[in-house]
C-alpha cells in the first residue's frame, strides 16, 4: 500500500550528459524494494518513450530526459554515479 504521494528527484545520465529529473505524483511504498516508473504517466505529461535494442529513451519536446537499459527483462533507469537524492 502506498504510504504517500509526493515529488521524487533523481540524477540520470547518458553517454555525454547528466541532469536531474523531477517526477511529480510519485507514490511512496515503504514495503517496496525498487522504485518503479510508470510509462503511461510519462506519456500523459507529453513524453515519448521508444524501446529498441535493449534500451528505452524518454524524450520531452525533442530532448532526451532519461534512458534505461534492459537487464533480465526489466528496464533500469541509467542513474548517474551519485544515484538519486
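So, restricting to strands (runs of 3 or more DSSP E) that lie completely within region 34-82, which ones have at least 3 residues that are farther than 19 Å from residue 11 by Cα? Break it down into steps so the answer makes sense when it comes.
Numbers: elements: 48-52, 55-60, 63-71, 74-77.
Result: 48-52.
Yes/no matrix, rows are residues, columns are (1) under 15 Å from the mean Cα position of the chain (by Cα); (2) surrounded by fewer than 11 Cβ atoms within 10 Å (Cβ to Cβ):
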| position | (1), (2) |
| --- | --- |
| 15 | no, yes |
| 23 | yes, no |
| 50 | yes, yes |
| 56 | yes, no |
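Could you identify the single residue in 32, 3 that is more than 16 Å from residue 65 (Cβ to Cβ), loosely packed, with under 13 Cβ neighbours inside 10 Å and touching a strand residue (DSSP E or B) at 6+ places or on another chain (Cβ under 8 Å)? It would help to see each step written out before you state the result.
Working: 32 fails: touching a strand residue (DSSP E or B) at 6+ places or on another chain (Cβ under 8 Å).
After ruling out the rest, the residue left standing is 3.
Each reported figure results from applying straightforward, stated rules to the coordinates on display, with no laboratory input. A quick note: this is a predicted structure, and the numbers were derived from the prediction, not measured. Note that we place each Cβ from the backbone using ideal geometry, even for glycine, and neighbour counts take in every protein chain shown.
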